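J.: The following block contains the structure, expressed as structure tokens.
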Amino acid sequence: MQQILIDTDPGVDDAYAILLAMLSHEFHVPAITTVCGNVPVDQATQNLLTILGLLDLDEFPMIAQGEAAPLIKPLVTAAHVHGDDGLGNTSHLQNANGSPLYPPANTTLSSMTGTELILEMAAQYPDELIIVALGPLTNLATAIRKDPAKMRRLRKIIIMGGVFEEYGNVTTTAEFNIFVDPHAAHEVFQFGVPVHIAPLDATHQVVLTGERLRTETENQEDRVSRFLWDATQACMEFYREHVGFWGFHIHDALPIAMLTHPDYFESVNAYVQVETAGDLTNGMTIADLRPERQRSDPNAQVCLKVAAEAFLNAFFERLHAP
């Protein structure tokens, strides 16, 4: 049983990832922390409660709210992609009696901060805990600054972030999660704990079309399927207008599947650096991925290939499993 802590800024693709993790028998998820990114951190926490409220859980993970701002830069959010509430405006949907269609989970927040909960879990599961970071890395960098000894006992960190051989999705050179807090990303990559990265180079290979999502959800009566259809509409319309297809890249689900279905992914060792100062390249992740140019001191494994159809099939099998 893999012990994972999810650090997240939900986010529609975060919702896909969290649901996949909670429905996967390979994991125990003792804690989830929220961070500013796709939405401000207060909204991120509310979104996490909404996502967990879809599930019939006997016991909820511990939940703590993390950092409200990047280490240095002003916060940049992505409401234009994910909807005003970050979950495709599903917070506005109501039942006939006026109650929320997707109510929050009946659980309470920890009195600890996100940073404190990360350190608590690192101490509770030394050499076991895997952190799956689905948003900016502010919480992780803050935890490293506060107690590096505890953080060195992490088993590994798996990150959705960065881009190497494609264009970025915020600027020409930068992916959103790294762009929001490049200084935090720099500190995490340089820290020395094993880091595995699912960059846009890999996540863009997985195209969830609107037609596929409709097929997978329209005849299902469960709340999760209905929610995914409702939550993803705003994103798919954004993609139709700005990316050129009606669908969505479910970026954040890939790090979860890297743990449940590692055979679907091909990675290379690399020494990854982050640009923190450039006017045109701020947030750029830089690594020489050519096999003949590999350094002897890699600080990360970068995923470059994914079996996209197998991944999507596995995702929906988990979603529909009894």
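What follows is calculated from the coordinates using simple rules that are stated; it is not laboratory data. It should be emphasised that the depicted structure is a prediction, and the values quoted were computed from it without experimental measurement. With ideal geometry, Cβ positions are generated from the backbone for all residues, glycine too; neighbour counts draw on all protein chains shown.
J.: Most fluctuating residue of ARG293, ARG152, ARG223 in a GNM of the chain with Cα springs under 10 Å: which is it?
T.: ARG293
J.: Pull up all non-local amide H partners of THR173: gap of 5 or more, or a different chain, and H-to-H distance under 5 Å with H placed in the peptide plane.
T.: Hits under the 5 Å cutoff: GLY168.
J.: Give me the net charge of THR115's neighbourhood, meaning all other residues with Cβ under 12 Å from the Cβ of THR115; Lys, Arg count +1, Asp, Glu -1.
T.: Residues near THR115 contribute -2 overall.
J.: Determine the shape class of segment 62-199: with a ≥ b ≥ c the square roots of the Cα gyration tensor eigenvalues, call it rounded for a/c under 1.5, and otherwise prolate if a/b is greater than b/c, oblate otherwise.
T.: oblate
J.: Mind checking which of ASP58, ASP230, ASP13 has the largest fluctuation in a GNM of the chain, springs on alpha carbons under 10 Å?
T.: Residue with maximal mean-square fluctuation among ASP58, ASP230, ASP13: ASP58.
J.: What do you get for Rg/Rh over the chain if you use C-alpha atoms and the Kirkwood form of Rh?
T.: Dividing the radius of gyration by the Kirkwood radius yields 0.94.
J.: Okay, moving on. With θ set to phi - 60° and the Karplus curve 6.51 cos²θ - 1.76 cosθ + 1.60, what are the ³J(HN,Hα) couplings of segment 92-107 in order, to the nearest whole Hz, using x for Gly and Pro?
T.: Whole-Hz 3J(HN,Hα) from phi for segment 92-107: 8, 7, 10, 6, 4, 8, x, 7, x, 5, 10, x, x, 4, 7, 8.
J.: Once phi is turned into θ = phi - 60°, what whole-Hz ³J(HN,Hα) does the Karplus curve with 6.51, -1.76 and 1.60 give for every residue of segment 295-302, x standing for Gly and Pro?
T.: With the stated coefficients, segment 295-302 comes to 7, 7, 10, x, 10, 7, 10, 10 Hz.
J.: Moving on. In whole Å, what is the distance between the alpha-carbon centres of segment 253-268 and segment 160-236?
T.: Segment 253-268 and segment 160-236 have Cα centres separated by 14 Å.
J.: For the chain, what does -39500 (n - 2.57) per DSSP helix run (n ≥ 4), summed and divided by total residues, give at 222 nm, in deg cm²/dmol to the nearest 500?
T.: -10500 deg cm²/dmol
J.: Turning to a different aspect of this structure: What is the sum of charges, Lys and Arg at +1 and Asp and Glu at -1, for the other residues whose Cβ falls under 13 Å from the Cβ of PRO61?
T.: Result for the neighbourhood of PRO61: -4.
J.: Count charges around GLY247 for me, please; just the other residues with Cβ under 15 Å from its Cβ, Lys/Arg as +1, Asp/Glu as -1.
T.: Result for the local shell: -3.
J.: To continue, here is another question. Only Cα pairs under 8 Å and at least 6 apart count here; give the relative contact order of the chain as a rounded whole percent.
T.: 19
J.: Among the lysines, which have Cα under 21 Å from the Cα of LYS146 when same-chain residues fewer than 8 positions away are ignored?
T.: LYS73, LYS156
J.: Considering only the chain, what is the antiparallel percent among its DSSP beta bridges, to the nearest 5?
T.: Roughly 35 percent of the beta bridges in the chain run antiparallel, per DSSP.
J.: Under 5 Å between amide hydrogens, which residues at least 5 positions from ILE158 or on another chain qualify, with H placed 1.01 Å from N in the peptide plane?
T.: So ILE158 has HN proximity to ILE131, VAL132, ALA133, HIS196.
J.: I've got another one for you. List the residues, sorted by chain then number, that are 5 or more residues from TYR102 or on another chain and whose placed amide H is less than 5 Å from its amide H.
T.: none
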